[in-house]
Structures are given as structure tokens and as C-alpha cells.
Amino acid sequence: MLKNTSLSSRDLSVIWHPYTQMQTAPAPIAIVRGEGACLYDEDGQEYIDATSSWWVNIHGHAHPHIAQQLAAQALQLQHCIFAGYTHPPAVNLAERLLEILPTQQRRVFYSDNGSTAVEVALKMALQYWDNKGQPKRKILAFKNAYHGDTFGAMSVSGRSVFTRVFDDFLFEVHFLDLPSPENISQIIADIAAQQPAQIAAFIFEPLLQGAGGMVMYDATAFDELLQYCVSENILLIADEVMTGFGRTGKNFAMEYVSTQPDMICLSKGLTGGSMALGITTCTHQIYEAFLSTDKLKTLFHGHSFTANPLACSVALASMDLFTDPACAQQRTRIHTRHQQFLPELQQATIIKNPRLLGTVLAFEIITDNVDGYTNKLGDQLHHFFKEKRIMLRPLGNTLYILPPYCITDAQLEKVYASIREFISTR
Ligand SMILES: *Cc1c(COP(=O)(O)O)cnc(C)c1O
């Protein structure tokens, strides 16, 4: 194939990529096909998708069951307005999802992606208190959190290189340290000093902060923090956009704690990673506060493609696969393999803080620079693994494996071998 007519070079003259410095970034690899845990470029080269295409894929690429359901739905109904009208995929998906979510969740609100699911939850929380005649203005979140790239979602995310230019435009949020047995009483004292009666909600990524560097934290201290919030009537928003659908081992990360959230945000794995769809669920208590003859108590939020039938149908197809016991077995298998690889990481002198939660394995490469997204090693690491045809896109000097659940043992072994090789080059 002539390079100057390749997809990759045509891309370079018309496209602006996400999270990409277009002046210095290498030409993108043009992916034309996917199968299982692998993607194939325009020259037929195979890549192992070890980070699930930005954490969305769970059952593998071009899964036939998902493709068939999508095609069938496309011949039936592709889209219709969702205010005043409904359709089978939306109702079926809501029913099936509520069956497997933490038990207090009663209502499903559809949107388009993880960021919009977060926006909806924030609006629900703020308007809940307003509708009850007790408006509250404060919101809690964790330092280093990531909840998306729209303005509300950025506001509740840690201030970072991602938000720097926009910081003055973001609403104020009180940021908490991640809980541990050592600091939990301090954190609770910190909230108590913030006039808890003024706090509308606390939004968090349960047990695993994704974009913040695959940071894992203590479930017991976290549960204690949540219990304190409940006692102060602070609404709990569990952002399970990344942790949902099995990533942390259990179906949802909130299953590791005893406290029930008031709202849950879902996206990424929701459609098995095949289409964009967002969901915000809530308890009956939240929902009820919007019921009124007063139209001003309505939740005025919606998107053109709210509850798109095609997206809902692939989410249903993904649910078929996800609720099959074979899926949980695959997650256990990946966890066990990671566990077997862990001692090698613990022994490597260039690595620190190797950690594991469910299907996610993460660690830092020790460098002279500060840890984090801007660490220069990131680009180098990305390039090293790309050359080996392993898609590992590090967060700065944090490297992690977050594979589709269908990844085979042999493919996982190739990923481990590439990491082993990187270690030996340092
Ligand atoms: C990715 C992510 C989001 C944003 O989702 P998008 O679909 O990318 O808008 C929100 N919260 C968490 C925890 C995420 O990992």
C-alpha cells in the first residue's frame, strides 16, 4: 500500500484527535477490523488491545451477538424522540439493569456518555434539594478525581493539566483526600468543618480512580466515609462509568461496601464498548422529589439521542453476555493471571506500587520526574509497546493492564512478556 494514500496519512490532513498534541504526535495507526481482544491495522498487523480501547470494551471487538442484535434493531427502529414516546430496547434495558444494580436503584435516566451521565447526576442532586425547598450549594469530590470533560464533570474532577485553562470557569467543589484507615477521622473532621448541612452531594469513583492514575483505595475506610455522609444527608453519587460491569471483579464496585448510593453513573462497558450510551440511575427518594403538579420541579435535561434504540439494543446484547456465568469466570481467570505476574513486578527495582483490583493491574515506573500524567516517560512507554503491537497507553509513568474479559491466557502472556522486556531494558 502506498503510504501517501494510506488512511493514516489522509487522517493527518483532516482530523483533530482527542488528548493529542497534533504537532508532535506520530501518525495514527489506522484500525480497520477487530476480533476478540485484537485489533488489525490497514496493513494487516495485529495489536492486542490490553486497555480495552479506553476502558470500554468488555466482551471483545466485533462480537457476533452484539453485531446481530444491532443489525436486527436497525431494521426495526433506529431512533425516535424519547419525551412522550418510548420503545422496547429502552424499557427492556432499564428493567434488566435495575435487576443487577445495587438494590435501592429504581429509575433509569438515559444520556449519551460518561460525562453526560455525570452532568445528569449533578443536576439531579442539586435540583433534588431545591425541589424540597432546602437548596444546598456545596459538592464534595476526591482530589485527583476524573469524572469527564464537560464543564460540570470537569468541575467535580481534580484540578489538573486537563482543567488548567478552564479552572476559573468551573464551579467550586470541596476536595477530599482518599480515605485510608490512618486518615479517615481527619477526612470526616474536614467535612464536618464544611457545614455539612450545606453539602448537596458527594461524587466519587468507587475504589478505583481511573484517569487519575489507576489509584486504588481502602474499601473499609471508604465505607466509613460514606456512612458519615449518609448520617449528614449528603447524597452519594457513585461514578461507575469505568468501574461498572465487572472491571473491579464484582459486577459493580459499590458491591465492595455496605452503603447504598443515591445515584449511579454508567457508560463505557454498558454497551460492551460498542456504542456510546450513558445512564444515570437513582433511588425512589430522588425520583419522588421531582414529582409535582408544578412544572418547575421537572428535570429539564435531555439529548437528541436520549435512549437511542440502537445503543440500548447493543447494551441489552452486552447484558446477555455479561450475566452469563462464563463472564464472571473470565474475570476471575484474568485476576488470577495478574496475581501470578504480580511477584515479578514486586521484585523489579524500576517499579513501585504494583497493585491489583479485579481485572485491573497497575504500577508506576520509577523516574527522576514527578509521577503523573505529565511524566515524560509516558510517550516513550506508549511507543515501546506499540512497536511490540501491544496497545498499552500509560497515564504518564503509570502503566496498567485493563483487558477485555475475553483476552486469552496466551494473549495475556504476550502482554506480560512485553512488560518483562521493558523492565530488562532499564
Ligand atoms: C471515562 C470516564 C468518564 C467520562 O466518560 P466519557 O464517556 O468519556 O465522557 C466519567 N467518569 C469516569 C470515572 C470515567 O472513567
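The values are calculated or read from the model by the stated rules, or taken from the named source; none is laboratory data. Just so it is clear, the structure is predicted and the values come from calculations on it, not from any experiment. In this analysis, Cβ positions are derived from the backbone assuming ideal geometry, glycine residues included, and neighbour counts consider all displayed protein chains. Side chains are part of the model used for accessible areas, which takes the heavy atoms of the whole protein and leaves out ligands, DNA and RNA. Shrake-Rupley method; radii C 1.70, N 1.55, O 1.52, S 1.80 Å.
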Quick one: putting +1 on the C-beta of Lys and Arg, -1 on the C-beta of Asp and Glu, what dipole do you get for the chain around its Cα centre, in Debye to the nearest 20? 340 debye
Sequence gap of 8 or more, or different chains, plus Cα separation below 24 Å: how many lysine pairs satisfy both in the range 67-322? 14
Give the average over all directions of the projected area of the C-alpha convex hull of the range 67-322, one decimal, in nm². 13.8 nm²
Of all accessible surface on the chain at a 1.4 Å probe, what whole percent is carbon and sulfur? 54 percent
With every protein chain left in place and a probe of 1.4 Å, what is the accessible surface of His301, to the nearest 10 Å²? 40 Å²
With every protein chain present, what accessible area does Asp41 have (1.4 Å probe, heavy atoms only), rounded to the nearest 10 Å²? 10 Å²
I need the Kirkwood Rh of the range 164-216: take the reciprocal of the average 1/r across all distinct C-alpha pairs and report it in angstrom. 13.2 Å
Taking 1 over the mean of 1/r across every pair of different Cα atoms in the range 123-216, what Kirkwood radius in Å do you get? 14.1 Å
Å² per residue, accessible surface of the range 125-204 at 1.4 Å: 49 Å²
Karplus ³J(HN,Hα) for the range 122-131 (6.51 cos²θ - 1.76 cosθ + 1.60, θ = phi - 60°; Hz, whole; x = Gly/Pro) runs 5, 5, 4, 5, 5, 6, 3, 5, 5, 4
Taking H placed 1.01 Å from N in the peptide plane, check which residues at least 5 places from Ala348 or on another chain put their amide H under 5 Å from its amide H. none
For the range 212-297 (alpha-carbon point model, no solvent) the Debye-based log₁₀ I(q)/I(0) at q = 0.12, 0.18 Å⁻¹ works out to -0.45, -0.90
